[in-house]
Amino acid sequence: MTDDEIRERFNRIDINRSGIISKNEIRKALRGYATDEEVDRHLAMLDLNADGIVSWEEFVRHMRAYETAPEQEEDEAPQGPSPEHRVDEFWQSDPAMAARLLARFRQVDTDGSGYLSEEELTGAMTTDGMHLTEQVISTMFAQMDRSDDGRISYAEYLCGLMDGEAAQPSPPGEDDRLH
């Protein structure tokens, strides 16, 4: 898919031409046939930093994730689905849990950046009463930070939890914390 084709799709959804896609614009793009849960699932799938809107960069990254990967050499291991694709699959398989984890992600993201810093993860673990050393939390953070950019996106957060790379801070209202 060319950049022009991606831009055309983005512009079809970005009705007010603000340069971002809102939840309401996603709802309209789905022509009112989607439930609120489905709209939330689509937003979470596209909104990689979980800030409640879809930027052009997030949209491009999502569209590129679904393109066919180049052929792999015989000795290369397959890389598997992208974190964004895995988020979409998770929303389809367990939308209630995905919504709770998104709410928890946003709660832990105290600065509202749409990403978790190591300090925010440490604060969440402490607040949840987990007794983990700084070294353990640093290791968890490094494992979840798949892009190695010093922050954890919502997609990385979900993948880390699904892969068991982190002791999961409980979603609000849950009381099955790991201690």
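Would you mind counting up the charge near GLY52? Only other residues with Cβ under 13 Å from its Cβ, with Lys and Arg at +1 and Asp and Glu at -1.
So the environment of GLY52 carries a net charge of -4.
Could you give the length gained on full extension between THR139 and MET1, defined as 0.36 nm per residue of separation minus the Cα-Cα distance, in nm?
Details: separation 138, 0.36 × 138 = 49.68 nm, distance 3.73 nm.
Gain in length upon complete extension: 45.9 nm.
Counting other Cβ atoms within 10 Å, keep those with at most 12, restrict to DSSP loop, and tell me which trypsin sites (Lys or Arg not before Pro) in the range 5-60 are left.
The qualifying sites are ARG17, ARG31.
What ranking do MET63, MET125 get, fewest neighbouring Cβ atoms within 10 angstrom at the top? Display every interim value, and only then the final one.
Numbers: MET63 17, MET125 22.
Lowest to highest Cβ neighbour count: MET63, MET125.
Going by how many other Cβ atoms sit within 10 Å of their own, how do PHE141, PHE105, PHE10 line up, fewest first?
The fewest-first ordering by Cβ neighbours comes to PHE10, PHE141, PHE105.
We did not get these values from a lab; they are worked out from the coordinates using the rules stated. Note that the structure is predicted; figures quoted are calculated from it, not measured. Cβ atoms come from the backbone with ideal geometry, glycine included; neighbour counts cover every protein chain shown.
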